[in-house]
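Asker: This structure is in C-alpha cells; I'll ask about it shortly.
The values are calculated or read from the model by the stated rules, or taken from the named source; none is laboratory data. Remember, it's a predicted structure, so these values are computed and weren't measured experimentally. Cβ coordinates were reconstructed from backbone atoms using ideal geometry, including for glycine residues, and neighbour counts include every protein chain displayed.
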Amino acid sequence: MAFMLRKLHRAASWRNPVSPLCAFTIWLVIMWKPRSVRLRLAAVFLLFFALVVILGAFSMWRLSSFNLLSSDITKIWLPTTRALGDLNNYTSDFRAFEGSELLSSDPRGAAEAEQQMAELDRTIAASEREFEAIPHDAAETELYDQFKARWADYRSIVNQMLALSRSNRKEDARVIYDSSSRAAYDAASDTLGRLTDQAVASAEAASNSLASAYLHAFWLILLAIVIAALLVVAALIQISRSISAPLRRLADRMRRLAANDTATEIPETNRHDEIGEMAQATVVFRNNALELTRSQQMLARQAALLEERLADEQRLALLQRNFVAMASHEFRTPLTIIDAHARRLDKIKDTVAALEIGERAGKIRSAVLRMTHLIDNLLNSSRLIDGGAGLYLHCAEMDMTPLLQEVCQLHREMVPGSQIVERFGAAPMPMVGDAKLLFQAVSNLLSNAIKYSPAGGPIEVDAQSLAGEIAVSISDRGIGIPESDLDHLFERYHRGSNVSGIIGTGVGLYLVKMAVELHRGRIEVSSKEGEGSRFTIRLPQSLASTQSAVPAETAAAADVS
C-alpha cells in the first residue's frame, strides 16, 4: 500500500497541491482504528472524497498539456495549412488565367481574363495577410519572404507581358510568357512548395506530439484510477472486517434467538463502539427470550382453542349461507308453477271443462308435492347442519321420456314466448334413478337456456338411449359462455363474466353436476361466446344399487334440489 501511495504521489508531482493531503487522508483511513463506527464511516467517506479530488486534479493537470498542444494545432497549424493551400491554388489559377489572356483572340475574352487575374491578386493578398497573422519560426518566415519577393518579380514580368498584349504585340508577349515569366513563376512556386512541405512536416510533428501527450496522459490517469480502485477495495475490506462481518454475526445470533435457540453465544460484547452496545443489548434480549418462550407457549395454547372455535363458526356460517342461497333458488320453481296454473284457472273459470280443471289441479298438486319434498329435504339439511345423520339418494325405476316432456311443458307455461323444440319422440327410455332430482337437474338446464337467450330463438331438447346410457342434450343460441369461464362453470356460486344484469345465484349448474354425479353420470358442455351453448347429460340406465349413500356435505347440496 505504501508503494502505491508513493507511485501516486510521484505521478501527481509538486504541481498537484492536493496530493499530500489526499495521501495523508488515505493513510489515516487505513491505519486509524477509532472506537466509533460513525467515525470510521466518516473516514471512509473522506477517503472517497479525497480520491475524487485526486483524480480530478490529476486529470486536469495532465490534460492541460494536452490542451496546449491541441490549441497549437487549432490556432497555428490548421490555419497555416489552410492559408498555404489557398496560396498554392490561387497562384496556380493566376498562371492559368495568364495563359488564357495570351491565347484569347477576342478583346472581350482578354479583358475577362485580366479581370479574373485582378480578382486573384486581391485573393492572394488576403491569403498572404492571413498567413502573416499567424506566428511562425525563423525558417518558415525566411521561406515566406523569399516567396513574396519572387512572386513580386513574377507579377512585374506579368505586367510587362500584359502591356505588350494590349498593344497587339502578342508574339513578344508569348516569348516573355514562355521564358522569363515561366522561370519567375517556377521560382515562386518552388519556394511556396518548400514552405508548404515544411509547414506540413511541422504540423505532423505537432500531431505526433499531441498523440504522444494523449497516450501519456491516458496511462497516467489509468494508473491513478487503478490505484484509487485498489484503495477503495482496501477500504471496503476494512469496513467488511470491522463493521459488516460483526453485524452479520449479530444478525445471525438474532435469527437464532428468534428461532428459540437461547443457547447460542453472543459475540462482539467486548467492543467499545456501537456494535459492542448492540451485542450487549442482544445478551439482554437472549435473557428475556426464555420468558418470552414460556409466554408464547401459553398464548399458542389459547390461540389453538380460539382457532378451533373460529373454524366451527366459519363452517356453520358457510353452511347457513349455502342453505339460504339454495332455498331461495329452488323454491322459486314450484311456486311459479302453482302461480301459473292458479292464474290460468282464474282466467278460464267460466269456460273451463272439468277435465282441464282436473289436469291443472293435478299439476298444482304435483308442484305442491315437489315443494313438500323440497321442504322435507331442507329440514333434513338443517338437521345435518346441527350434526344429524346423512341423507340418501332415492332411486327407482322410471321413464325419462315423460319426465322430459313434463319439464318442457312446464317451461312453456312459465315462459309463453319460449320456443322449446323436443327431439326425442314418444319412445320410452327406462332407467333407474331419482325422478325428482333428475327433474330438477333438467329443469335447471332448460331454465338457464331460456334465461340466457335474451333475443329468443329455438331451444332444442334432444334425448336418446344408446349403449346402456341415456344422453339428454339442451342447446340454445344465446349469449354463450366465455372460454375463460369454462373451467369454473360448475363451481358453487360461480357465474360467467358476461351475465351481468341477469338474475342468478350461481348454484344451478352446481346442483346439476351434483345430481348427475350422484347418478354416476357425467355432464359435458360445448359453448362459444355470442353463438350459444350445448349441455349434454349422460346417465347410466341401471345402477349397482337402487339406494346409494351420499357424503354429508354432498347430500346437503344435492337433496336440496
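Asker: Has the range 532-553 got any residue that is surrounded by 22 or more Cβ atoms within 10 Å (Cβ to Cβ), modelled with pLDDT of 65 or more and closer than 16 Å to Ser453 by Cβ?
Answerer: Taking every residue of the range 532-553 in turn, at least one turns out to be surrounded by 22 or more Cβ atoms within 10 Å (Cβ to Cβ), modelled with pLDDT of 65 or more and closer than 16 Å to Ser453 by Cβ.
Asker: Look at Gly468 and say whether it is surrounded by 13 or more Cβ atoms within 10 Å (Cβ to Cβ) and either under 35 Å from the mean Cα position of the chain (by Cα) or touching a residue at least 60 places away in the same chain (Cβ under 8 Å) (or both).
Answerer: Against the criterion (surrounded by 13 or more Cβ atoms within 10 Å (Cβ to Cβ) and either under 35 Å from the mean Cα position of the chain (by Cα) or touching a residue at least 60 places away in the same chain (Cβ under 8 Å) (or both)), Gly468 does not qualify.
Asker: Got a number for residues in the range 405-433 being touching an Asp or Glu at 6+ places or on another chain (Cβ under 9 Å) and part of a loop (DSSP other than H, G, I, E, B)?
Answerer: 3
Asker: If you go through the range 134-151, how many residues are small (Gly, Ala, Ser), in contact with a helix residue (DSSP H, G or I) (Cβ under 9 Å, 6 or more places away or on another chain) and either within 19 Å of Ala184 (Cβ to Cβ) or free of Cβ contacts under 8 Å to residues at least 24 places away in the same chain (or both)?
Answerer: Residues flagged as small (Gly, Ala, Ser), in contact with a helix residue (DSSP H, G or I) (Cβ under 9 Å, 6 or more places away or on another chain) and either within 19 Å of Ala184 (Cβ to Cβ) or free of Cβ contacts under 8 Å to residues at least 24 places away in the same chain (or both) within the range 134-151 amount to 1.
Asker: Based on this model, can you work out whether Val226 counts as loosely packed, with under 14 Cβ neighbours inside 10 Å and β-branched (Val, Ile, Thr)?
Answerer: Values: loosely packed, with under 14 Cβ neighbours inside 10 Å: yes; β-branched (Val, Ile, Thr): yes.
In short, yes.
Asker: Given the residues Lys513, Lys528, which is the only one that is modelled with pLDDT of 85 or more, within 26 Å of Ser542 (Cα to Cα) and among the charged types (D, E, K, R)?
Answerer: Checking each option against the conditions leaves just Lys513.
Asker: A further question on this structure: Going by what's in this entry, would Ala279 be described as part of a helix (DSSP H, G or I), within 30 Å of Leu41 (Cα to Cα) and among the small types (Gly, Ala, Ser)? It would help to see each step written out before you state the result.
Answerer: Details: part of a helix (DSSP H, G or I): yes; within 30 Å of Leu41 (Cα to Cα): yes; among the small types (Gly, Ala, Ser): yes.
It is true that Ala279 is part of a helix (DSSP H, G or I), within 30 Å of Leu41 (Cα to Cα) and among the small types (Gly, Ala, Ser).
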